[in-house]
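Structure first, then comments.
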Amino acid sequence: MNGSRSRAILAIVCLMLAASASGCSRGAAYEHPAAKVVQRLLETRQSRSTDASDYAPFFADGALAAQVAAGTAQQARSGKDPLPDWSRPYVATVTADAADVVVRWRRSEGFSEWPPATRFSVERLESRWVVIDAVSLGTGKLPSPGR
């Protein structure tokens, strides 16, 4: 009986260690610099900034920053929120110089046309991470954090 109890305790400890290790990698997916850049970009857009210089740090191409600022200005005139609420961005895949960051959009009445999620392609440009592209993700299985 004592041997069975020791094996059971050992199994529980192993499961706890495995769970905490996977939790660390999932946590890292949310704390990665690429995920943080996407979060700050979304926060800037949600604040309704119409100044292209506010968006410049998030893009390699200044023209993209200007497009986002112009789109925000146009939306501000409509009185509509620029974005639906979202879940915290996370890195789904990552290499040394690139990452795919996923944002899951929360469903709301004013944004019924929005996709369930968006994948932002983010690359390291010298010492900073910048958004290169964004693609809507359909209703299929979404990438998990930290793959």
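The values are calculated or read from the model by the stated rules, or taken from the named source; none is laboratory data. Keep in mind the model is a prediction, meaning the values are calculated, not measured. Backbone-built Cβ (ideal geometry, glycine too); neighbour counts: all protein chains shown.
Looking at Asp85, Asp81, Asp133, can you tell me which residue is charged (D, E, K, R) and out of contact with any Ser or Thr (no Cβ under 8 Å at 6 or more places or on another chain)?
Asp81 is the lone residue from the list that is charged (D, E, K, R) and out of contact with any Ser or Thr (no Cβ under 8 Å at 6 or more places or on another chain).
I'd like to check something: does segment 119-127 contain any residue that is assigned to a strand (DSSP E or B) and more than 16 Å from the chain's Cα centre (by Cα)?
Within segment 119-127 (the criterion being assigned to a strand (DSSP E or B) and more than 16 Å from the chain's Cα centre (by Cα)), the answer is yes, since at least one residue qualifies.
Restricting attention to segment 121-130, does a residue exist that is surrounded by 16 or more Cβ atoms within 10 Å (Cβ to Cβ) and under 26 Å from Ser78 (Cβ atoms)?
Scanning segment 121-130, I find no residue that is surrounded by 16 or more Cβ atoms within 10 Å (Cβ to Cβ) and under 26 Å from Ser78 (Cβ atoms), so the answer is no.
Across segment 103-147, what is the number of residues that are under 29 Å from Lys80 (Cα atoms) and in contact with a Phe, Trp or Tyr (Cβ under 6 Å, 6 or more places away or on another chain)?
7
Just to be sure I understand the filter: pairs with C-beta atoms under 8 Å, separated by 6 or more residues or on different chains, first member in segment 69-86 and touching a residue at least 40 places away in the same chain (Cβ under 8 Å), second member among the β-branched types (Val, Ile, Thr) and surrounded by 12 or more Cβ atoms within 10 Å (Cβ to Cβ). Which pairs pass?
Cβ pairs passing all conditions: Trp86/Val103.
If the Cβ limit is 6 Å and pairs must be 6+ apart or interchain, which residue in segment 34-50 that is within 11 Å of Pro82 (Cβ to Cβ) pairs with which residue that is small (Gly, Ala, Ser)?
Arg48/Ala76; Thr50/Ala69; Thr50/Ala73
Out of the residues in segment 131-147 meeting the condition of being surrounded by fewer than 11 Cβ atoms within 10 Å (Cβ to Cβ) and either of a type outside the set (D, E, K, R) or touching a helix residue (DSSP H, G or I) at 6+ places or on another chain (Cβ under 7 Å) (or both), tell me which one is farthest from Gln67 (Cα to Cα).
Applying the filter and picking the extreme gives Gly140.
Results for (1) of a type in the set (Lys, Arg); (2) exposed (fewer than 12 other Cβ atoms within 10 Å of the Cβ); (3) at pLDDT 95 or above; (4) part of a helix (DSSP H, G or I), shown as yes or no for each residue.
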| site | (1), (2), (3), (4) |
| --- | --- |
| Gly23 | no, yes, no, yes |
| Ala28 | no, no, no, yes |
| Val37 | no, no, yes, yes |
| Leu42 | no, no, yes, yes |
| Arg45 | yes, no, yes, yes |
| Ala66 | no, no, yes, yes |
| Gly71 | no, no, no, yes |
| Arg77 | yes, yes, no, yes |
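In segment 87-119, which residues are free of Cβ contacts under 8 Å to residues at least 12 places away in the same chain and within 17 Å of Val38 (Cβ to Cβ)?
Thr95
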